[in-house]
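Trainee: Submitted below is the structure of interest, expressed as structure tokens.
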Amino acid sequence: MLAPSTPGRLRALVARQFGSLRIYNYRVYFLGQMVSLVGTWMQTTAQAWLVLRLTGSPLALGTVTTLQFLPITLFALFGGAFADRLPKRRVLVTTQALAMAQATTLAILVATGTVELWHIYVLALALGTVNAFDGPVRQSFAVELVGREQVVNAVALNSSVFNVARITGPAVAGVTIAVIGIAPAFAANAASYLAVLLAYAMMRPAEFRAVPRKPATGNIFHQIREGLAYSWGTPPVLFLFILLAVIGTFGFNFTVVIPLVAEFVLKVGPQQFGLLTSAMGAGSLVAALVMAAVGRPGQKGLLLIATAFVVVLAAVALSSVYVVTLALLFVLGAAGVSFSTTINTSLQVMVPDELRGRVMSIFFLLFAGSTPIGGFLTGFLGEHLGVRTALLLVAGVSAGGIVLAAAYRVRTRAGSGISPDGEHEQVGTPGTVVAVPPGR
């Protein structure tokens with residue numbers, strides 16, 4: 001029998017879990033993203049399947065991923081500087097309109113039967129260039145939508161909607177490809193951008209949260225150096241970036257890993273391939289909702305999450321049973337989103353307002369901009385050594401990153417003013433963070 005206070009505690013937990021949705025601007029943003037991201041995942045799934053059907057080559061798939069993320073490597077830091085200078089909503093409207101044009105072009109090429117591999121390469125490069133500017137701006141936009149006191153909850157909810165899309169998008173894409181072909185999956189993505197553009201149009205600028213900041217000074221290269229210097233000189237931030245640099249580069253290559261596992265290890269069709277990505281998204285969704293309600297772990301907890309991620313990634317490499325791989329991908333998704341969301345929210349509350357865009361651009365660079373290295377390497381190793389061996393090698397390198405970050409934590413903790421959990425901010429009720437400026 002439930003204790004009398006239990007229903008009240010459950011209601012309070014749910015209220016914390018979805019607290020950011022009480023804010024109008026965030027609510028319309030959330031709904032627009034929900035529609036648009038389903039389309040994005042449909043295109044991601046369809047594009048991987050199309051490349052494998054055209055070439056049968058793991059290296060070609062890795063090359064597409066490399067080209068799509070290479071501009072992020074080159075331009076993300078510039079995107080962060082722009083995020084600290086320009087009105088974020090206007091930038092996002094422009095980037096989303098350009099992404100819609102890219103998706104429309106790809107849909108037309110596939111529908112007319114004229115698509116070739118080089119078309120996919122060029123369009124992947126174009127989308128990556130758009131995302132290099134869109135990503136840092138969007139990452140730093142959350143605090144203007146909900147305010148600093150709700151940013152942890154908002155980031156976790158962003159992750160939840162991303163993973164709802166990762167569940168439904170690939171599954172819908174798999175059925176769409178099997179029943180009516182690949183072209184409609186690309187067309188659906190093009191149409192889905194209308195939802196997010198409508199959301200930006202419906203926002204009320206007067207209700208944006210004021211973010212006090214110093215006016216940007218110096219040229220753009222000077223501003224980029226400021227963000228890099230702050231990150232290098234702030235031990236809690238550098239600890240997060242060491243972990244993210246290695247695991248983000250070598251572990252987070254799911255757009256390459258899952259198609260290769262489906263095609264060369266499990267040898268399944270498009271519907272089963274879509275379900276593999278959906279299983280990972282389901283695990284990610286569960287983790288994101290839990291984090292939205294109960295907050296985030298400290299540095300020790302983050303190291304444990306990273307270790308679990310690497311162990312499960314190695315297990316995926318060794319599994320040859322479809323149902324077992326589904327279950328492992330569910331756990332991998334939960335560990336992955338816990339890892340990335342913890343780093344994202346820790347940075348959001350640690351970093352000074354005037355540097356947020358630039359520091360979040362480093363996060364975006366290490367998380368997504370490192371994919372050209374990891375994606376290409378995974379495809380190359382898969383081509384020459386086999387998919388299982390490739391995944392075991394990248395899992396091993398990721399484990400090395402955990403050891404490096406743990407060693408840095410031990411070396412710096414005593415002299416940097418970091419608390420036993422490795423935090424410079426004070427955590428109040430679950431999901432609410434009161435920031436204290438970090439030391440250097």
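Trainee: Might you let me know whether the range 338-361 holds any residue that is under 20 Å from PHE69 (Cα atoms), small (Gly, Ala, Ser) and under 13 Å from the mean Cα position of the chain (by Cα)?
Mentor: Checked the range 338-361: at least one residue is under 20 Å from PHE69 (Cα atoms), small (Gly, Ala, Ser) and under 13 Å from the mean Cα position of the chain (by Cα).
Trainee: Hey, does the range 47-61 have a residue that's at pLDDT below 85, touching a helix residue (DSSP H, G or I) at 6+ places or on another chain (Cβ under 7 Å), crowded, with 23+ Cβ neighbours inside 10 Å and in a helix (DSSP H, G or I)?
Mentor: So far as the range 47-61 goes, yes, one or more of its residues are at pLDDT below 85, touching a helix residue (DSSP H, G or I) at 6+ places or on another chain (Cβ under 7 Å), crowded, with 23+ Cβ neighbours inside 10 Å and in a helix (DSSP H, G or I).
Trainee: I'd like to know if the range 368-383 contains one or more residues that are under 18 Å from the mean Cα position of the chain (by Cα) and not in a helix (DSSP H, G or I).
Mentor: Here is the first cut: in the range 368-383, the ones under 18 Å from the mean Cα position of the chain (by Cα) are 368-375.
Now restrict to residues that are not in a helix (DSSP H, G or I): 370.
Yes, some residue in the range 368-383 is under 18 Å from the mean Cα position of the chain (by Cα) and not in a helix (DSSP H, G or I).
Trainee: Let me ask you something else. On the given criteria, is LEU21 in contact with a Gly (Cβ under 8 Å, 6 or more places away or on another chain), at pLDDT below 90 and in a helix (DSSP H, G or I)? Step through it out loud before you land on a result.
Mentor: Working: in contact with a Gly (Cβ under 8 Å, 6 or more places away or on another chain): no; at pLDDT below 90: yes; in a helix (DSSP H, G or I): yes.
So LEU21 fails the test.
Trainee: Considering each of ILE182, ILE224, ILE177 in turn, give the residue that is in contact with a Leu (Cβ under 6 Å, 6 or more places away or on another chain) and within 23 Å of VAL51 (Cα to Cα).
Mentor: Working: ILE224 fails: within 23 Å of VAL51 (Cα to Cα); ILE177 fails: in contact with a Leu (Cβ under 6 Å, 6 or more places away or on another chain).
The unique qualifying residue is ILE182.
Trainee: Still on this structure, I have one more. How about the range 116-214: which helices (runs of 4 or more DSSP H) wholly inside it have at least 2 residues that are under 27 Å from ASN25 (Cα atoms) and β-branched (Val, Ile, Thr)? Give the steps one after another, and end with the answer.
Mentor: On the way: elements: 117-146, 151-179, 183-202.
In the range 116-214, 117-146, 151-179 are the helices (runs of 4 or more DSSP H) which contain 2 or more residues that are under 27 Å from ASN25 (Cα atoms) and β-branched (Val, Ile, Thr).
Trainee: Still on this structure, please answer the following. Taking the range 365-412 on its own, how many of its residues are of a type in the set (Phe, Trp, Tyr) and within 25 Å of GLY135 (Cα to Cα)? If you could, list the steps in order and put the result at the bottom.
Mentor: Keep residues of the range 365-412 that are of a type in the set (Phe, Trp, Tyr), which gives 367, 376, 380, 408.
From the residues that got through so far, the ones that are within 25 Å of GLY135 (Cα to Cα) too are 367, 376.
Looking only at that region, the number is 2.
Trainee: Can I ask one more? Quick check on my filter: what residues within the range 90-108 are free of Cβ contacts under 8 Å to residues at least 12 places away in the same chain and hydrophobic (A, V, I, L, M, F, W, C)? Full working, then the answer.
Mentor: So in the range 90-108, the residues free of Cβ contacts under 8 Å to residues at least 12 places away in the same chain come out as 90, 94, 101, 108.
Within the range 90-108, ALA101, ILE108 meet the criteria.
The values are calculated or read from the model by the stated rules, or taken from the named source; none is laboratory data. Quantities reported herein were computed from a predicted structural model and do not represent experimental measurements. As a convention, Cβ positions derive from the backbone with ideal geometry for all residues, glycine included, and neighbour counts pool all protein chains shown.
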